[in-house]
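Have a look at the structure below, then the notes.
The values are calculated or read from the model by the stated rules, or taken from the named source; none is laboratory data. None of the values given here were measured: they were computed from a predicted structure. Here the Cβ is made from the backbone with ideal geometry for all residues, glycine too, and neighbour counts use every protein chain on show. Each accessible area value is taken on the protein alone, full model and side chains, heavy atoms only, with ligands, DNA and RNA left out. Shrake-Rupley method; radii C 1.70, N 1.55, O 1.52, S 1.80 Å.
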Amino acid sequence: MLRVGLIGCGYIAQKHISTIAKVKNLKLISLSDLDTKRMDEMEKFHQQESLQSNSLSKFKDYEEMLGDSSIDVVIIAVISSLHARMVKEALQAGKHVVVEKPLALSIKDAEEIVKLADVHNKRVLVCHQMRYRPLISKVKELIDNGKLGAPYLGVASLRLNRSIDYYKSASWRGKWSTDGGMLINQGIHLVDLLIWFLGDINSVYGDLGHYLPVKETEDTAAAVFTFKNQAKGIIEANTVTQPNNLGFGLSLFCEHGTISIEGAGLNQVVRCHVSGHPEMEEILKKLSSDHEDRFYMYQNFVESVLDDEIELVADAREAKRALEAIFGIYKSHQMTTPVYFPITQFSTGDMKKRGSDG
Ligand SMILES: NC(=O)c1ccc[n+]([C@@H]2O[C@H](COP(=O)([O-])OP(=O)(O)OC[C@H]3O[C@@H](n4cnc5c(N)ncnc54)[C@H](O)[C@@H]3O)[C@@H](O)[C@H]2O)c1
């Protein structure tokens, strides 16, 4: 049984707590937040979800929690600018880590985390949970086993609405130094899937737009990637869709097939053609009703902690690639020219320093 401490008792904490209650070999024993009331609320929520009445240990100071040797796994679900520091400290304290996306807000921090995880031989799961959605992992399998043939073009769309109230409700949101941009917060799941499907990036040309004065970061983004395998990738993303969320889109155009998925939950298969495999459309449509992403993600994490041979699908190395892809777009916007990979240095703070308002 792995004993878990959760740092950060805000909005996303509930999803972690309800998932942990269902996963074998995981037990929540501890909470940390600066706000005692939030810890009390989450303790109650945990008792409801786990159907257990035992109390949890609670720490206002997360460093005290890290010093508790009975904790094996630390979940980091605080504001994004604290992720990197807390992941590093947790690894140094000998814990396995689950960290919300984004892993970090700079390449330097992401690199240091990858190295530290190796040195301490600990797992770092980054919550790119869409990789674990059965519909999405089936598409990845079709690419990896060659059924779709060479990928030619991938298109990822994000059309969401984030209101002024959303930014006002938590002061860290919409700031380069604490949140990162819209692509880092909302867009990262789709960017991650695009590069998971299409591979290593050769170059990107990206441009951003900024309209809402309540925030510092971009509201719209458009980018064209060229991958090492010659495939092209397009991202179009915005959080100013009126009057409310329209949803997501992900399409792949390949040598032997086309797959296009849309919808508010990215779960409507609008086209599935795989040459020689007419059964695939029905298979994907059946998988589309399974939304237990976080459950499968935690299952993979636990298995990978308990068995060295099991690969962790969304580890720090993979999460660093998604960050690099987005930093490529940001850098290209600033330089108004394509950017070639690898990108060795960048942080969201650079967007502010250089006076870029998107
Ligand atoms: N994977 C996803 O789909 C997904 C969805 C939503 C949010 N997130 C991520 O989850 C993270 C948290 O987002 P949220 O919406 O829950 O934020 P939130 O503002 O609702 O909650 C953050 C919590 O962290 C606490 N906190 C801040 N500093 C702390 C410290 N030093 N020690 C302990 N607690 C501290 C705050 O008091 C607050 O309760 C963000 O990084 C966000 O990007 C991921």
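The table for this structure:
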item: Rounded to 5, percent antiparallel among DSSP beta bridges of region 108-237; result: 70 percent
item: Heavy atoms of S69 accessible to a 1.4 Å probe, total area in Å² rounded to 10; result: 110 Å²
item: Computed lengthening from T36 to E311, 0.36 nm per intervening residue step minus Cα-Cα distance; result: 95.3 nm
item: Gain on full stretching of the segment that runs from S260 to V119 - 0.36 nm per residue minus C-alpha separation; result: 46.7 nm
item: Relative contact order (%) - region 146-214, alpha-carbon pairs under 8 angstrom, separation at least six; result: 38 percent
item: Relative contact order (percent, whole number), region 1-49, Cα cutoff 8 Å, 6+ residue spacing; result: 46 percent
item: Residue-averaged [θ]222 nm for the chain, counting only DSSP H segments that reach four residues, each worth -39500 (n - 2.57); result: -10500 deg cm²/dmol
item: Dipole magnitude of the chain about its Cα centre (Cβ charges: Lys, Arg +1; Asp, Glu -1), debye to nearest 20; result: 440 debye
item: Degrees, to the nearest 10: 107-120 long Cα axis against longest axis of the chain; result: 60 degrees
item: Heavy-atom accessible area ranking, 1.4 Å probe, most first, across S289, S157, S163; result: S289, S163, S157
item: Positive dipole terminus of region 143-260, leading residue within S177, L194, A150 (C-beta point charges); result: S177
item: Derived scalar couplings ³J(HN,Hα) [region 66-77; Karplus, 6.51 cos²θ - 1.76 cosθ + 1.60; whole Hz; x for Gly, Pro]; result: 5, x, 7, 6, 7, 8, 9, 10, 10, 9, 10, 10
item: Shape category assigned to region 217-334 from the gyration tensor of Cα positions, a/c cut at 1.5; result: rounded
item: Label-point gap, in nm, between S289 and M1 - each point 7 angstrom along Cα→Cβ; result: 3.5 nm
item: Relative contact order for the chain, counting Cα pairs under 8 Å that sit 6 or more residues apart, in percent; result: 19 percent
item: Carbon plus sulfur fraction of accessible area for the chain, probe 1.4 Å, in percent; result: 50 percent
item: Accessible area in the full protein assembly, largest first, 1.4 Å probe, for T226, T337; result: T337, T226
item: Debye, to nearest 20: dipole size of region 1-106, +1 on Lys, Arg Cβ, -1 on Asp, Glu Cβ; result: 340 debye
item: Lys/Arg +1, Asp/Glu -1 at C-beta; the chain dipole; positive extreme among Y330, A117, A13; result: Y330
item: Rounded tilt (10° steps) of 316-335 against the dominant C-alpha axis of the chain; result: 60 degrees
item: Protection proxy ranking of 179-191, 112-124, 305-317 - average other beta-carbon atoms within 10 Å, highest first; result: 179-191, 112-124, 305-317
item: Rounded accessible area of R271 (nearest 10 Å², 1.4 Å probe); result: 140 Å²
item: Residue-span extension gain [N202 to S275] - 0.36 nm each, minus C-alpha spacing; result: 23.4 nm
item: Residue-normalised accessible area of the chain, given per residue in Å² at a 1.4 Å probe; result: 43 Å²
item: Percent of beta bridges antiparallel (DSSP, the chain, rounded to nearest 5); result: 60 percent
item: Placed amide H near L28: partners under 5 Å, 5+ positions off or other chain; result: V4
item: With Cα atoms, 0 to 90° folded angle of helix 134-144 axis to the chain main axis; result: 50 degrees
item: Test item: Cα-centred dipole of region 225-358, Lys/Arg +1 and Asp/Glu -1 on Cβ, debye; result: 920 debye
item: Accessible heavy-atom area order of R85, R131, highest first, probe of 1.4 Å; result: R85, R131
